[in-house]
Amino acid sequence: MNERERIISQHIEGEDNILGIGVGSLEESASEAGGPAHILIVDDDDRMRESVRDLLSIHGHRCELAAGARQALDLLEDHSFDLVLLDIKMPGMNGLDLLKELAGKYPDISVIMVSGETSFENMTKVMRLGAADFLRKPYSPADLLYSIDSVLRKRRLQQVVRAMNARLAISEQRHRFIIENSPDIIYMLDATGHFTFINERISQVLGYRPDEMIGRHFLELLPLEDQERIGHAFNERRTGKRATQNLEMRLVHKRSRLLGPGQVNTVPVELNAMGVYEEAEGDQRGRFMGTYGVIRDISARKRSEAVINYQLYHDLLTGLPNRALFQDRLNQAISRARRDKSGFALMFLDMDRFKSINDSYGHLVGDALLQAVANMMRGHVRDTDTLARLSGDEFVLLLPEVACVDDAVGVAQKILDHLREPVDIEGHELYVSFSIGIAVYPEHGTTSEELVRHADTAMYHVKKRSRRGYAVYKPSMDAGQNGHPALESELRHALQDGCLEVMLQPQQYAATGRLAGAEALVRWHHPEKGVILPCEFIPFAEESGLIIELGEWVLRETCRLISERIRGGECENLVISVNVSARQVLQPDFAERVLEILDAYQVPGSRLEIEITENMLMQDLELATRQLKTLSRAGIRIAMDDFGTGYSSLSYLQTLPLDTLKIDRSFIAEIQSLNERHSIVTGMIAMARELGLDVVAEGVENEVQREFLKRAACPRIQGFLLGKAMPAGELLAAYGH
């Protein structure tokens, strides 16, 4: 805090005996506002006017001062203001009188009223006159800034909404111009429910000519089963708020006449209708004349909703059910089996050596292989079965109608048999096999968690044994899941002997191609096996608990690299991101340890970014949030990795102190042409922009993807196209540092 800020803060706090909070905290609050504004401060107290002006000026706002209502009106004539901060008690024309005049003359200006009188009557009167907020004297700087920021944010949102609505109105005029200039069916019924008017739009929506419908009863357009339920809405007699509004229903298309008996072709529509009455004297309602209604065809919206709903519950690469839909089907199977005292089987399928195929032939071939295998398996399961892709090369198969374990084993063997022949992917003959774990309800578990865990355990038993095969879960398998002493010992020695190396994968600004940051990725230089990638030893480290020690080593090594570059004057503003595990974040002293490491290497918090995953939050959201907020206050950036693939919830984006969203590579892999729409990717970028978050698109592997993301205004990109993980020196040399 500089001397000027300290004096202003002390003056406001001392003069009005309000909460004493630091200007630094106020700056944090103001930084979340919608930007600087032009504010008129109207108060007859000279010192208060000037104090408020100085405080708001510190936070970027441009202020004008008025000692009374008349001076304020003069300033309003000559200047444009976003907000008026208005004291109620003033000599001459008081604040309430000025507020009334502002409401009539300057309705677009937001007003915050300030008063020492806080009676309910005063507050009610102020709000009814159009004030955006009411502040009670004495108030704290934080309260004032919060009120101003809230009002300005609401004002700007309203401006955006108005602009959007204006654009939508123009779009409607250009693209929905039809006969009679209406995109909707407009109709009138007489008192007995017969059509007296209907416009030309009905011919496009339902296939009838308007003259065909005149004199016919409205029930002819309703499916028989809907007539009793919604007939009264179509023939509406109510008016005002009680009348029918936005009611979704179905109407019978004319082509139904060509269908067989009992078959009906319907169109989804949205109905707004109201009763029409003759004018009458006084408050008396006149004679009911009929119904006025507007019907909008919502077929396109319903199709879009169906597509979105499909995408929410299906894997976009293979078209199979995703984790969410599988979990729902599994819960249903458990409920049904419990009710019927029956059983079912669950299989966990993991593709053998898929990572090797991916690394050898590239992710495009890997993705094509996943699609081919999914199609093959889909062709050999029943309609009642659920085949789902959980992630990567992991699939699950739910068999709700198996009588015994032998039936499930037969299905597993059939899948393995059909995969004996090679699969041709872009000219490559690829041999595919699966390790399959089987669990049966209720012998191996009665909850979804138990069944999935035990099927997974059985699958790992196959992996350890020989791969390519199946195993039915046995309790004795659990002992084998407790870790491998030899591998644990090797990894511990690697940590101690310097066999691990942190390498950096570059991130670029999509618009310019300049270096935007880097992600720290660990490599294990094994004396016998060569370079081992993280995907091969991180899962074991997680399982054994060694991930805590390993994760701290990666943090220390990353901070050491940053410190060396700072001392060498290289890339002073380069931010390096580090992945952390759930076990690390859920350690009570995690945040404290990170800050100690930063301090030990004298690295500013702003140079480090911590990457978390959505699934991590499911274990203890409250603790994770607390830890991350501590790090954020130290200037450390927080990134959500693999966004869109886990338990996505928009509430997390508002609760957590996030700075960056990393779009998962599975979404980027879908981008193969600049002419295609990729609504999920562009939607994520737009959402992040609205939330004030940075975006990194992962898995960029070709120029089409780079150009698409550039056009979509994605800030940062990362992937093999830009470079694989490399030593820090090579990275800086490659980008001219």
TODO: Please specify each residue of the stretch 303-356 satisfying the condition of being under 27 Å from Ala669 (Cα atoms), small (Gly, Ala, Ser) and in contact (Cβ under 8 Å) with a residue 24 or more places away in the chain.
DONE: Gly319
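With respect to Glu225, is the statement that it is of a type in the set (Asp, Glu) and either in contact with a helix residue (DSSP H, G or I) (Cβ under 7 Å, 6 or more places away or on another chain) or surrounded by 12 or more Cβ atoms within 10 Å (Cβ to Cβ) (or both) true?
no
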Open item on the list: Of everything in the stretch 709-718, what is touching a helix residue (DSSP H, G or I) at 6+ places or on another chain (Cβ under 6 Å) and either modelled with pLDDT of 95 or more or surrounded by 20 or more Cβ atoms within 10 Å (Cβ to Cβ) (or both)? Give them in sequence order.
Closed with: Cys714, Ile717
Open item on the list: Just to verify a result, which residue in the stretch 382-419, among those that are under 30 Å from the mean Cα position of the chain (by Cα) and without any contact (Cβ under 8 Å) to a residue 60 or more places away in the chain, is farthest from Cys535 (Cα to Cα)?
Closed with: Leu397
Task: Condition met for Ile308 (among the β-branched types (Val, Ile, Thr), in a helix (DSSP H, G or I), surrounded by fewer than 17 Cβ atoms within 10 Å (Cβ to Cβ) and not assigned by TED's automatic domain parsing to the domain that holds Ile668) - done: yes
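Among the residues of the stretch 40-69, count how many are among the aliphatic types (A, V, I, L, M) and closer than 17 Å to Ala142 by Cβ.
First, the residues of the stretch 40-69 that are among the aliphatic types (A, V, I, L, M): 40-42, 48, 52, 55-56, 58, 65-67, 69.
Subsequent filtering for residues that are closer than 17 Å to Ala142 by Cβ retains 48, 52, 55-56, 58.
Residues meeting the conditions: 5.
Please work out if Val264 is touching a Leu at 6+ places or on another chain (Cβ under 9 Å), outside the structural domain of Arg389 (by TED's automatic domain parsing) and part of a loop (DSSP other than H, G, I, E, B).
Working: touching a Leu at 6+ places or on another chain (Cβ under 9 Å): yes; outside the structural domain of Arg389 (by TED's automatic domain parsing): yes; part of a loop (DSSP other than H, G, I, E, B): yes.
Considered against the rule, which asks whether it is touching a Leu at 6+ places or on another chain (Cβ under 9 Å), outside the structural domain of Arg389 (by TED's automatic domain parsing) and part of a loop (DSSP other than H, G, I, E, B), Val264 comes out as yes.
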- [ ] Mind listing whichever residues of the stretch 580-606 are within 21 Å of Met640 (Cβ to Cβ) and of a type in the set (Asp, Glu)?
- [x] none
Open item on the list: If a residue counts only when it is of a type in the set (Phe, Trp, Tyr) and within 28 Å of Val522 (Cβ to Cβ), which strands (runs of 3 or more DSSP E) contained entirely in the stretch 628-737 have at least 1 such residues?
Closed with: 637-643
Open item on the list: Tell me yes or no: at least one residue of the stretch 423-439 is free of Cβ contacts under 8 Å to residues at least 24 places away in the same chain, surrounded by fewer than 15 Cβ atoms within 10 Å (Cβ to Cβ) and part of a strand (DSSP E or B).
Closed with: yes
Task: Considering residues of the stretch 361-373 that are modelled with pLDDT under 90 and either among the charged types (D, E, K, R) or touching a Lys or Arg at 6+ places or on another chain (Cβ under 9 Å) (or both) only, the residue surrounded by the fewest Cβ atoms within 10 Å (Cβ to Cβ) - done: His363
- [ ] Within the stretch 495-511, track down each residue that is surrounded by fewer than 19 Cβ atoms within 10 Å (Cβ to Cβ) and closer than 30 Å to Arg711 by Cβ.
- [x] Tyr509, Ala511
Open item on the list: Please go through (1) in contact (Cβ under 8 Å) with a residue 40 or more places away in the chain; (2) under 17 Å from Asp87 (Cβ atoms) for Asn122 and return the number of the only condition it doesn't satisfy.
Closed with: (1)
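Taking Tyr470, is it hydroxyl-bearing (Ser, Thr, Tyr), in the same structural domain as Asn579 (by TED's automatic domain parsing) and at pLDDT 85 or above? Give the steps one after another, and end with the answer.
Numbers: hydroxyl-bearing (Ser, Thr, Tyr): yes; in the same structural domain as Asn579 (by TED's automatic domain parsing): no; at pLDDT 85 or above: yes.
Taking the combined requirement at face value, the residue does not satisfy it.
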Task: Members of the stretch 321-360 found to be surrounded by 13 or more Cβ atoms within 10 Å (Cβ to Cβ) and of a type in the set (Ser, Thr, Tyr), listed by number - done: Ser342
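Which of the residues belonging to the stretch 721-737 are under 34 Å from the mean Cα position of the chain (by Cα), under 29 Å from Ile671 (Cβ atoms) and touching a residue at least 24 places away in the same chain (Cβ under 8 Å)? Please lay out each step first, then the result.
Let us first name the residues in the stretch 721-737 that are under 34 Å from the mean Cα position of the chain (by Cα), namely 721-728, 731-732, 735.
Next, only the ones that are under 29 Å from Ile671 (Cβ atoms) stay: 721-726, 731, 735.
Of everything in the stretch 721-737, those that are under 34 Å from the mean Cα position of the chain (by Cα), under 29 Å from Ile671 (Cβ atoms) and touching a residue at least 24 places away in the same chain (Cβ under 8 Å) turn out to be Leu722, Gly723, Lys724, Ala725, Met726, Leu731, Tyr735.
Within the stretch 695-708, work out how many residues are in contact with a helix residue (DSSP H, G or I) (Cβ under 7 Å, 6 or more places away or on another chain) and either surrounded by fewer than 19 Cβ atoms within 10 Å (Cβ to Cβ) or within 13 Å of Leu658 (Cβ to Cβ) (or both). First the steps, then the outcome.
First pass over the stretch 695-708, keeping only residues in contact with a helix residue (DSSP H, G or I) (Cβ under 7 Å, 6 or more places away or on another chain): 695, 697-701, 705.
Now restrict to residues that are either surrounded by fewer than 19 Cβ atoms within 10 Å (Cβ to Cβ) or within 13 Å of Leu658 (Cβ to Cβ) (or both): 695, 701.
Number satisfying all stated conditions: 2.
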Open item on the list: Looking only at the stretch 659-688, filter to residues that are more than 19 Å from Glu614 (Cα to Cα) and either basic (Lys, Arg) or without any contact (Cβ under 8 Å) to a residue 12 or more places away in the chain (or both); which one of those is surrounded by the most Cβ atoms within 10 Å (Cβ to Cβ)?
Closed with: Ala686
Task: Unmet criterion (only one of (1) under 19 Å from Thr196 (Cα atoms); (2) over 46 Å from the mean Cα position of the chain (by Cα); (3) not aliphatic (A, V, I, L, M)) for Thr291 - done: (2)
Task: Residues of the stretch 321-374 satisfying the condition of being assigned to a strand (DSSP E or B) and of a type in the set (D, E, K, R) - done: Asp350
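Answer yes if at least one residue in the stretch 159-173 is loosely packed, with under 14 Cβ neighbours inside 10 Å and in contact (Cβ under 8 Å) with a residue 12 or more places away in the chain, and no otherwise.
We begin by selecting, within the stretch 159-173, every residue loosely packed, with under 14 Cβ neighbours inside 10 Å; these are 159-173.
Still in the list and also in contact (Cβ under 8 Å) with a residue 12 or more places away in the chain: none.
Checked against the condition, which is being loosely packed, with under 14 Cβ neighbours inside 10 Å and in contact (Cβ under 8 Å) with a residue 12 or more places away in the chain, the stretch 159-173 yields no hits at all.
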Open item on the list: Restricting to the stretch 267-299, name every residue that is at pLDDT below 90 and either under 22 Å from Ile230 (Cβ atoms) or assigned to a strand (DSSP E or B) (or both).
Closed with: none
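The values are calculated or read from the model by the stated rules, or taken from the named source; none is laboratory data. Remember, it's a predicted structure, so these values are computed and weren't measured experimentally. Please note: Cβ atoms are built from the backbone with ideal geometry, for glycine as well, and neighbour counts cover all protein chains shown.
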